[in-house]
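Rule-based calculations on the coordinates, nothing more; no lab input. Here the structure is a predicted model, which means the values were calculated and not measured. Ideal geometry is used to build each Cβ from the backbone, glycine not excepted, and the neighbour counts take in all protein chains shown.
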Amino acid sequence: MPVRRRKKVKMMLPLASMGDIAFLLIIFFMLVSTFMKDTMDYDPATGADLRELQSPEISVVVDQEGKLWLQGLEAGVGQLADAVENLVGQRRHDTPVHLSVHKDLKRPDYMPVIEALSEAGVRVLMVGLQESDS
């Protein structure tokens, strides 16, 4: 009894739709990055003895008005600890969080942010700009 072999079906992937999706993603990220530049009023603190750090995995910014920004999105101090815990997952003590504070803010303005980050169990690295010698 002869065994019949099935004909192999050729599979075709629609690559035109992949190009459309990639193009739409590029447009989306260009628009989002433009909006993020316009929303934050931020002038970083400066110092004489700063060292260079690698780019942050998680960044927190406190702007001139005392608004809190987590990863470029406005957030509240009350939700900061939970949001950071969700971002880092199990790597709490291994993940540095870069904290930038506007140079005109006083201690009572940014201290609740530091307390919320320490409650999340992450390493907090304060970042700023190198002072010029001029």
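Some points to look at:
- Listed peptides 27-33, 106-112 appear in the order 106-112, 27-33 once ranked by packing, highest mean of other Cβ atoms within 10 Å at the front.
- Here the residues Ser59, Ser100, Ser17, ranked from fewest to most Cβ neighbours within 10 Å of their Cβ, fall in the order Ser17, Ser59, Ser100.
- The gain in end-to-end length when the Lys7 to Glu115 segment is fully stretched comes to 32.2 nm, 0.36 nm per residue minus the alpha carbon separation.
- Inter-label distance, nm, simple model (7 Å from Cα along the C-beta direction), Ala22/Val77: 4.7 nm
- Extension gain for Met30 to Lys103 (0.36 nm times residue separation, less C-alpha to C-alpha distance): 23.4 nm.
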